[in-house]
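In what follows, a structure is listed as structure tokens, so that the remarks can point back to it.
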Amino acid sequence: MLNEKVKDLLNVQVNKEFYSAYLYLDFSNFYEAKGLDGFANWYKIQAQEERDHATLFYQYLHNNGVQVVLEAIDKPAVQLENLMDALKAGQAPCNRPDL
Ligand SMILES: [Fe+2]
């Protein structure tokens with residue numbers, strides 16, 4: 001039986017991982033529009049990795065009899081204008097103050 005605080009923290013982490021996936025997909029979308037297919041592909045792969053992390057935590061919770069609460073995924077909180085913006089913003093996507 002998992003400790004209540006651990007359950008809550010892992011559930012929050014599931015949602016953070018999905019937010020990170022969403023953020024990286026936004027970066028991929030940005031670079032795709034700029035014609036930088038390599039950068040777009042790299043961020044698409046990063047998005048997949050974050051979804052994999054979410055799925056691992058999700059499965060771990062279910063394996064311990066805990067139902068996951070899937071919260072809404074926020075719109076990526078970055079404004080992408082020049083080519084360096086995504087690279088700088090991607091350094092710490094989980095460091096959102098509200099999560
Ligand atoms: Fe992750």
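The values are calculated or read from the model by the stated rules, or taken from the named source; none is laboratory data. This is a predicted model, so every value here is computed, not measured. Using ideal geometry, Cβ is built from the backbone for each residue, glycine included, and neighbour counts are taken over all protein chains shown. Protein only, heavy atoms only, side chains kept; ligands, DNA and RNA dropped before computing areas. Shrake-Rupley method; radii C 1.70, N 1.55, O 1.52, S 1.80 Å.
How far is helix 4-33 tilted, in degrees, relative to the longest principal axis of the Cα atoms in the chain, given as a value from 0 to 90 rounded to the nearest 10?
20 degrees
Run the quick spin-label model on Ile45 and Asn3: label points 7 Å from Cα toward the beta carbon, then report their separation in nm to one decimal.
Modelled inter-label distance: 3.7 nm.
What do you get for GluC sites (Glu not before Pro) in the chain restricted to DSSP loop and a cutoff of at most 16 other Cβ within 10 Å of the site's Cβ?
Counting only loop positions with at most 16 other Cβ atoms within 10 Å, the GluC sites (Glu not before Pro) in the chain are Glu71, Glu81.
Of the lysine pairs in the range 4-89, how many meet both conditions: Cα atoms under 23 Å apart, and a spacing of 8 or more in sequence or different chains?
11
Toward the positive end of the charge dipole of the range 4-89, about the Cα centre and with charges on Cβ (Lys, Arg +1; Asp, Glu -1), which of Phe27, Ala86, Gln59 goes farthest?
With unit charges placed on the Cβ atoms, the residue in question is Gln59.
Could you look at the range 4-89 and say what percent of its accessible area is carbon and sulfur, using a 1.4 Å probe and all protein chains?
54 percent
Enter the accessible area per residue of the chain (Å², integer; probe 1.4 Å; all protein chains in place).
Accessible surface, normalised per residue, equals 66 Å².
Which trypsin sites (Lys or Arg not before Pro) does the range 5-54 hold that lie in a coil by DSSP with at most 14 other beta carbons within 10 Å?
Lys34
Identify the residues of the range 30-44 with backbone N under 18 Å of a label point that sits 7 angstrom from the Cα of Met84 along the Cα-to-Cβ direction, or state none.
Residues 31 fall inside that zone.
Per residue and in Å³, how big is the convex hull formed by the alpha-carbon atoms of the range 1-40?
Dividing the Cα hull volume of the range 1-40 by its residues yields 48 Å³.
Nearest 10 degrees is fine. How inclined is helix 37-63 to the longest principal axis of the chain, computing both from alpha carbons?
Helix 37-63 sits at roughly 0 degrees to that axis.
Jot down the radius of gyration and Dmax of the chain, Cα atoms only, both in angstrom.
My reading of the Cα-based Rg and Dmax gives 15.0, 50 Å.
Would you mind working out the magnitude of the charge dipole of the chain relative to its Cα centre, with +1 at each Lys and Arg C-beta and -1 at each Asp and Glu C-beta, to the nearest 20 Debye?
120 debye
When the helix-only estimate is applied to the chain (DSSP H runs of n ≥ 4, each -39,500 (n - 2.57), divided by the residue count), what is the mean residue ellipticity at 222 nm, nearest 500 deg cm²/dmol?
About -22500 deg cm²/dmol.
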